[in-house]
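S.K.: Quick one: the structure is below, questions incoming.
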Amino acid sequence: MSFDIAVMQIFNGISLFTILVLMALGLAIVFGLMGVINMAHGELMALGAYVTYMVAHVFERHLPSLMGVYLFFAIIMAFLVTFAFGWILERGFIRFLYKRPLDTMLATWGLSLVLQQAYRSIFGAQEVSVPMTKWLTGAWDMTEGIQIPLNRLFIVGLTILVSLGVYYLLFKTRWGLRIRAVTQNRAMSGAAGINTNRVDAMTFALGSGLAGIAGAVFTMIGSTNPLTGQLYIVDSFIVVVFGGVASLLGTFVSGFAIAQAQTTLEFLLSGSMAKVAILLMVIVVLYFRPNGLFAARVRQ
Amino acid sequence: MADTILAVTGLTVSFDGFKAVDDLNLSIDKDELRVVIGPNGAGKTTLLDMICGKTKPSAGRIEFKNADLTKLSEYEITRAGVGRKFQTPSVYDDLTVLENLEISYPKHRGVFGSLFFRRTREIGDKIRAVAQDIYLQDELETKAGILSHGQKQWLEIGMLLMQDPELMLLDEPVAGMSARERDLTADLLARISKGRSIVLIEHDMEFVRKIAHRVTVLHQGKVLSEGSMDQVQKDARVIEVYLGM
Amino acid sequence: MRWLSKGELFGYLSLAALLFLVFPLTLDPFRLNLISKYLCFALVGVGIVLAWGYGGILSLGQGIFFGTGGYLMAMFLKLEASGKELPDFMVWSSTETLPWWWEPFHNFFFTILSILVIPALFAFVLSYLVFKKRVGGVYFAIVTLALALTLTVLLVGQQGYTGGANGITDFRSVMGWDITSDESKRVLYFIHVVLLFAVMGIGAYIIKSRLGKILIAIRDREDRVRFSGYDTAMFKAFAFTVGALFAALGGAMYSLQVGLITPTLVGAVASIEMIIYVAVGGRLSIVGAVYGALLVGFAKSMFSENFPTLWLFFFGGLFIFVVVFMPNGLAGVLDRFSARKKGQRESGLNAVPERTKA
C-alpha cells in the first residue's frame, strides 16, 4: 500500500517536473547563453497555454472530426507563436539591455505586468481549460493499486523529446555552434562572419518558444488564468540556478529534484510549509555551491 | 637570508587538470626590482594572482614577512603590504583621479572609519605628491573614465603608491603606451622602487633591460632560468623556448 | 566638492515646501493620508538608492523588511487595541493563548527597538554571508525574491499568529493616544515628514562620505576595491542593512498611518513596485526617489480610481520605458538637461547612464 502511494506520489511530482523542466530549459538558454533574466517567461508560458486554448476552440467549432489530434497542432502553434513573440521582444527592447542584467530583470517584469493585464482583458480573469483528448483520458494500470494517467505519460514523453531536441540543436547543429560561439566571444564571432544580432534574436526566441510548449503541456494538467505564469516563474528560476546556469543536464536533474521534493513535502507537511522548506533548502545549498550543482571550476 | 621579503615554495595550481603553475619556487629580496618574463601561458599572471590572493593555489606556500599569504583573503593581503596592478588598467571610471587616489589611502578602511572620514591636510599632501609622481597633477578633478590608456596605467600605479606597499606586483605596466610614456614610466619605476620591492611582468625586452635588477624566466608554470638580463639571454634553454629551436 | 549641487538643492527645497506647506494646507484629510502612504514607500526608496543605485545591490525583497517593520508595529497596535482580550483574529482561528513572542509587544519602546534592530540584523547577517561567498547581481536578486515569497507564504499560512491573508488591522491608539481621528493623522503626517527628511539626510551623508565613493567603486569594480584593502562584503552588507532599516521604518509608519498590514505588502509584487518608485525618480538621487514614490503612488491612486484596468498597462509600460530609456530616472533627465543648458559635458555622479553595471 505505502509502496503504491510512493509510486503515485512520484508520478504526481513528475507532472510538476515536466512543466518546471520545460520552463527552466527556456530560461537556462536565455540566461545561460545570453545572460538575460526574463521575468516575463511565466507569461510566455501562459501565452502558450492560451494559444492551445484557442486552437482547441477553433478545432471544436470548425473541425470537430479532428479533435483527436488538435493537441499536436496546438503544441506546434504554441511554440511558433511564442517563438515569434520572443523574437519581437528581443528586437524590441531586450537587446538594449545586454550590458545591464539587473535592468533586464526589471524591464521584463514590467512586461509581465502588461501581459497579465492583456490576458485579463482578452480572456477574462476566469480560468479557461481545454477539452481532454479522448485517447489520453483513462489510465494505465501498472499494478493493482497503481494507476498512471495516460496524459501524464504523454507529457513526460513529450518533455524528454523536447529536451533531446534542444540538446541536439545546441550541440549537434551548425546553428547551435553559432549560438555557442557568439555567447563565448561576441566580437570574434562577428569578425568570423556570424550575424550576431540574428543569433541573439534566435536564441531568445527559442527560449521563449520552449515556454510556449510548457504552456501547451500545462493545459493538460491544469486550467489557465492570467496569473498562471506567476505560479511557476520563481520555481523555474530556482531550478535553473540550482542546476547551474550553463548546464542542461543540471537543469534536468535539479528540475526533477525540486519537483519531487516539493510534491513529497506537500504530502507530508502543509502546502505552505513545503514551499518554505524547499526555498530555504535551495538557499542553503546555493550558499555552499553558489554556481549551482553542476558548475565546473573555470579559470577566471 | 634576512633580507628576503617574499618566499614562494612549491606553488602549484591547476584548472581542470591543467597545471598553470607547477611546483614553483621564487624568492624576492628587499628593495629588489624583479622582472618576470616568459612566453604566453607560462603562468606569469597566474603567479601574481596567487600572491595577491585572487587565485587560491592548490599547493605550496607564499611567505611574505613571516605571514603565509595563501591563508589570507585579498583585502588582508593588501593590508599586509602587497599592492597589485592588473594587466588591463582597472581604475574606478566614475570617480575622479583625486577620488581614485583617496580611496586607496590605507587608513579608514572599515565601514565606520570611512563613514566619518575627513580629508586632512596630510592626506591632501600625499595625494598631490603621488599625482605629481604619476604625471597626473593637472588631472585631479578629471573622471578616470576619460583618461587615456597610458594615464589609466599610471593612475593605477598611483593608487598602489597611496597604499605604500612593501611589495608591488605590476602586470605589464607599459602595455599600450607610446614611446614617450614608456620612458616616463621607466623613470617612475626607478623612483618608486627605492625602499620597496617590485615584481613586474613585461614582454618588452628593451624596457626590461632598462629597469630590471634580476630577471626570472617562467615556462610551463616552472622557473626556467634566473639571473641578470645578460645571463638569462645567454641561457640555452631560454633561447630554445623563445625561438623554438 | 560641494555639499549639494544646484539641482539637488532645488529638489530638497521644493520637496520641503510641498510636504511641509503645500500638501497640508491644500489637501483634505483623505488625500493627505494618501500622501502619508506614498511617503512610507519613499522611506523604502531612500534605502534602495543606497543599496541599488550606489552599491549595485538589487534587492527584489525589500518587502521583507518593510513587512517586518509593519508587522512588528502592528503587533503592538493590535495588542493595545485588544486591551485584555486576545486579538480577534487569534480568536477566530482558535488560538487560545497569546504566543510568547507576542508578549513583549505590549511595550511600545520594545516595539520601536525591535523595528530598528530585527530587520536590520537579519539583513546584515544574510547579506554579509551571501556577499562573503561572492554571490551577487542577479543571484542575490533571486535569493531576495525567493525569501520575500517564503515570508509571504509563511504569513498567510500561520493564520493564528499572523492574521493570515487578511493581515492585521483595526488599530486604535498608541499608549492611549487615539490615532484614528483626522487631527492625530495630521500630527502623524508631520512626524512622518520629519522622519523622512532625517532619513534623507542620513542617506545623503553616506553618499557624500568616503563610504559612498567606496560603494560606487565596488559597484563598478569590486575586485579592484578588494585589492585596495577593503572588505567589500562588509561595505555591501552595510548598504543593504541601511536599506533594510529604512524599509522597516517605512513599514512601521505604514501600519501606524494606513491602519493595516497584509502579506501582499511583503510579497514579490510589492517588493518590485518599491524598485520602480526609485527607478522612476532616479536610482542615484535620494530626492528623486522620494519624488518617484509620490508620483507613482499618485498615478496608482488616480488610475485605480478612474481606470482600474488600465493601471497595469500603464505601470508595466512605465517600468519598461524608464528602465530601458531613462536608467537614471527623472533626476537623470533633469540633470542632463541642466548640464546641457550650462554647456557642460558631464555633471556630477548623476550623469553616467550607460556604464552603470546594475
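S.K.: Which value, in debye to the nearest 20, gives the size of the charge dipole of the protein assembly as shown about its Cα centre, when Lys and Arg are +1 and Asp and Glu are -1 at the Cβ?
M.R.: 1560 debye
S.K.: Give, as a single signed number, the net charge of other residues whose beta carbon lies under 11 Å from the beta carbon of C:Ser301, with Lys and Arg counted +1 and Asp and Glu -1.
M.R.: Net of charged neighbours comes to +2.
S.K.: Let a ≥ b ≥ c be the square roots of the eigenvalues of the Cα gyration tensor of chain A; is it rounded (a/c under 1.5), or, if not, prolate (a/b larger than b/c) or oblate? Intermediate results must be reported in sequence, preceding the final value.
M.R.: Values: a/c = 1.66, a/b = 1.24, b/c = 1.34.
The shape class here is oblate.
S.K.: Another question, if that's okay. Once you order the gyration tensor axes a ≥ b ≥ c over the Cα atoms, which shape class does the stretch C:1-45 get: rounded for a/c under 1.5, otherwise prolate or oblate by comparing a/b with b/c?
M.R.: oblate
S.K.: List, in the order given, every pair from B:Lys71/B:Lys152; B:Lys54/B:Lys234; B:Lys56/B:Lys222; B:Lys194/C:Lys132; B:Lys143/C:Lys37; B:Lys54/C:Lys236 whose Cα-Cα distance in the structure shown is over 29 Å.
M.R.: Going by Cα-Cα distance, B:Lys71/B:Lys152; B:Lys54/B:Lys234; B:Lys194/C:Lys132; B:Lys143/C:Lys37 fall outside the 29 Å limit.
S.K.: Same structure again: Evaluate peptide C:215-221: per residue, the Cβ atoms of other protein chains within 10 Å of its Cβ; return the mean as an integer.
M.R.: Counting other chains' Cβ atoms within 10 Å and averaging over C:215-221 gives 5.
S.K.: Per residue, what volume in Å³ does the convex hull of the Cα atoms of the stretch B:12-82 enclose? Could you put the intermediate results ahead of the total?
M.R.: On the way: hull volume 6.6 nm³, N = 71.
About 93 Å³ per residue, rounded to a whole number.
S.K.: While we're here: How big is chain C by the Kirkwood estimate over distinct Cα pairs, in Å?
M.R.: Details: mean 1/r = 0.0477 Å⁻¹.
After inverting the mean inverse Cα-Cα distance, the result is 21.0 Å.
S.K.: Can you pull the mean other chain C-beta count within 10 Å for peptide B:88-97?
M.R.: Numbers: counts 0, 1, 6, 4, 11, 6, 11, 6, 2, 0.
What the average comes to for B:88-97 is 5.
S.K.: Relative contact order for chain C: what percent, with Cα pairs under 8 Å and sequence separation of 6 or more?
M.R.: 33 percent
S.K.: According to the square roots a ≥ b ≥ c of the eigenvalues of the Cα gyration tensor, what is the shape class of the stretch C:236-317, taking rounded for a/c under 1.5, prolate for a/b larger than b/c otherwise, and oblate for the remainder?
M.R.: Judged from the Cα gyration tensor, the stretch C:236-317 comes out oblate (a/c at least 1.5, b/c at or above a/b).
S.K.: Considering every residue in B:47-56, what mean count of other chain Cβ atoms within 10 Å of its Cβ is obtained?
M.R.: Taking the mean over all residues of the peptide, I get 1.
S.K.: Take B:Lys152, B:Lys30, A:Lys99 and order them by how many other Cβ atoms sit within 10 Å, fewest up front.
M.R.: Listing B:Lys152, B:Lys30, A:Lys99 from fewest to most nearby Cβ atoms yields A:Lys99, B:Lys30, B:Lys152.
S.K.: Still on this structure, I have one more. Would you calculate a helix-derived [θ] at 222 nm for the protein assembly as shown, using -39,500 (n - 2.57) for each DSSP H run of n ≥ 4 and dividing by the full residue count, to the nearest 500?
M.R.: Result for the protein assembly as shown: -20000 deg cm²/dmol, rounded to the nearest 500.
S.K.: Now for a separate question. Using the crude model of +1 on Lys and Arg Cβ and -1 on Asp and Glu Cβ, and no other charge, please compute the dipole size for the stretch A:1-152 relative to its Cα centre, in debye to 20.
M.R.: Using Cβ point charges on Lys, Arg, Asp and Glu, the stretch A:1-152 gives about 580 debye.
S.K.: Report the label-to-label distance for B:Ser148 and B:Gln132 in nanometres (one decimal), using points 7 Å from each Cα along the Cα→Cβ vector.
M.R.: Between B:Ser148 and B:Gln132, the simple spin-label model gives 2.3 nm.
S.K.: Then there is this: Would you mind working out the magnitude of the charge dipole of the stretch C:6-351 relative to its Cα centre, with +1 at each Lys and Arg C-beta and -1 at each Asp and Glu C-beta, to the nearest 20 Debye?
M.R.: About 1660 debye.
S.K.: So for C:Glu103, B:Glu32, fewest C-beta neighbours within 10 Å to most, what's the order? It would help to have the intermediate numbers written out before the result.
M.R.: Numbers: C:Glu103 11, B:Glu32 20.
Exposure proxy ranking, most exposed first: C:Glu103, B:Glu32.
S.K.: Okay, next question. Put +1 on the Cβ of each Lys and Arg and -1 on the Cβ of each Asp and Glu in the protein assembly as shown; which of C:Leu265, A:Ala28, A:Ala187 then has its Cα farthest toward the positive end of the dipole?
M.R.: A:Ala187
S.K.: What order do you get for C:Val323, C:Val242, C:Val258 when you list them from fewest to most C-beta neighbours inside 10 Å?
M.R.: C:Val258, C:Val242, C:Val323
S.K.: Going toward the positive end of the dipole of the stretch A:2-288, with +1 on Lys and Arg Cβ and -1 on Asp and Glu Cβ, which of A:Met273, A:Asn151, A:Met45 do you reach last?
M.R.: A:Met45
S.K.: Rounded to the nearest Å, what's the spacing between the alpha carbon centres of the stretch B:71-105 and the stretch A:251-285? Just the number, please.
M.R.: 43 Å
S.K.: Then there is this: Along the charge dipole of the protein assembly as shown, Cβ charges K/R +1 and D/E -1, which of B:Ala7, C:Pro24, B:Gly227 sits furthest on the positive end?
M.R.: B:Gly227
S.K.: Here's a follow-up. Using the Cα atoms of the protein assembly as shown, I'd like the radius of gyration and the largest Cα-Cα distance, Dmax, both in angstrom.
M.R.: Rg and Dmax of the protein assembly as shown, Cα atoms, are 30.6, 95 Å.
S.K.: So, in nm, how far is label B:Asp125 from label C:Glu103 when the simple model puts each one 7 Å beyond its Cα toward the Cβ?
M.R.: 6.2 nm
S.K.: Would you kindly state how much longer the chain becomes between A:Leu177 and A:Leu164 on full extension, computed as 0.36 nm times their sequence separation minus their alpha carbon distance, in nm to one decimal?
M.R.: Here the segment from A:Leu177 to A:Leu164 would lengthen by 3.1 nm.
S.K.: Given q = 0.14 Å⁻¹, what are the Debye log10 I(q)/I(0) values for chain B, with equal point scatterers placed on the Cα positions and solvent ignored?
M.R.: For chain B, the Cα-only Debye profile gives -0.95.
S.K.: For the stretch A:84-144 and the stretch C:268-296, what is the centre-to-centre distance using only Cα atoms, to the nearest Å?
M.R.: If we compute the Cα centre of each part, the gap is 27 Å.
S.K.: Right, another one. In whole Hz, with x marking every Gly and Pro, tabulate ³J(HN,Hα) for the stretch C:136-141 from phi via Karplus 6.51 cos²θ - 1.76 cosθ + 1.60, θ = phi - 60°.
M.R.: Coupling constants for the stretch C:136-141: x, x, 5, 5, 4, 4 Hz.
S.K.: Going by average Cβ neighbours within 10 Å, how do the peptides A:219-226, B:58-65 rank, with the highest at the top?
M.R.: A:219-226, B:58-65
S.K.: Quick check: pseudo-label points 7 Å beyond the Cα along Cα→Cβ at B:Thr4 and B:Asp164, how many nm apart are they?
M.R.: Inter-label distance under the simple model: 2.8 nm.
Since every read-out is calculated from the coordinates, none of them should be taken as a lab result. Quick caveat, the model's predicted, so the values are computed rather than measured. For neighbour counting, all protein chains shown are included, and Cβ atoms are generated from backbone atoms with ideal geometry for every residue, glycine included.
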